[in-house]
Amino acid sequence: MQKKICFLLLFFCLCITLVKAQFNYNKLSIGLGVLNVNHAVVDYQSDLVKTRLLGSYFLGYNINPFESIDLHYQSGNLSGNLIERFGNVSTNNYREDTIRSFANAYQLLSVNYRFSLGRIIKNDFTPLARIASRISVSSGLGVLFNDVAAVKGERINAQIVTNITTSDEIEAFLPVRISYELKQGDRWRNPMNFFFSYQYLFTATDLLDGFDEGDRKEDTFGLFSVGMRFNVGKKAGFYPNY
């Protein structure tokens with residue numbers, strides 16, 4: 001009888017340990033932005049800066065199910081126009097001329113640390129905890145490779161004379177990203193996540209539009225992305241503190 005009781009106690013303790021202890025996860029992840037739209041904040045009227053679809057990819061090393069180091073690559077286009085009205089605006093006797101425009105076929109590379117709130121918030125199946133545990137934030141350091149063609153116009157005798165310049169400046173930036181992830185599977189198996197994210201890039205230069213003049217001292221842009229994160233590679237176990 002005592003042996004049966006000891007066996008049952010050991011079995012119970014083992015079950016409690018397994019339930020509490022372990023999240024199985026893959027050490028690597030591959031990400032793909034399926035729908036990506038960017039928007040620049042530069043020396044142009046905001047309604048004339050075009051949004052663009054672009055490519056966004058990343059490779060992640062998962063420290064645990066809630067933290068990772070991600071290598072992020074993105075390529076895309078930014079463009080915009082600056083329009084000047086010539087004539088008598090008050091009597092609507094005027095025309096609009098494009099006096100400046102730019103197009104930037106850029107590429108960027110960044111290393112980011114990602115932290116999911118699920119690391120500190122237990123998903124106890126209440127709606128608020130479930131939503132909060134799916135939010136992640138990330139930041140790091142990146143390099144932006146600009147490829148800008150800029151057109152600057154000068155009005156001479158009521159006509160616009162243009163001058164085209166190009167630049168391929170390289171600059172550093174600070175990315176800040178917030179994401180909401182829908183995990184597929186459970187703590188034992190989590191092959192794929194869907195994510196919705198917004199990333200903002202902080203720069204210290206005025207190089208995105210090819211002009212270092214205007215009201216803004218720094219050019220920046222943001223990225224909205226919807227995509228998938230595939231968890232691959234060797235599996236490991238993680239024991240949360242809660």
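General remarks:
So that you can scan it fast, the table gives a plain yes or no per residue for (1) open to solvent by 70 Å² or more (accessible area, probe 1.4 Å); (2) modelled with pLDDT under 75; (3) touching a helix residue (DSSP H, G or I) at 6+ places or on another chain (Cβ under 8 Å):
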| residue | (1), (2), (3) |
| --- | --- |
| Gly33 | no, no, no |
| Ser46 | yes, yes, no |
| Leu54 | no, yes, no |
| Phe66 | no, no, yes |
| Asn104 | no, no, no |
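- Condition check for Asn93: of a type outside the set (Gly, Ala, Ser) and modelled with pLDDT under 90: yes
- Restricting attention to the stretch 157-196 and to residues that are surrounded by 12 or more Cβ atoms within 10 Å (Cβ to Cβ) and hydroxyl-bearing (Ser, Thr, Tyr), the residue that is modelled with the lowest pLDDT turns out to be Thr162.
- Within the stretch 108-135, tally of residues that are part of a strand (DSSP E or B) and touching an Asp or Glu at 6+ places or on another chain (Cβ under 6 Å): 3
The values are calculated or read from the model by the stated rules, or taken from the named source; none is laboratory data. Small disclaimer: the values here were computed from a predicted structure and weren't measured. Ideal geometry is used to build each Cβ from the backbone, glycine not excepted, and the neighbour counts take in all protein chains shown. Remember, those area values only see protein heavy atoms, side chains included, never the ligands or the DNA or RNA. Shrake-Rupley method; radii C 1.70, N 1.55, O 1.52, S 1.80 Å.
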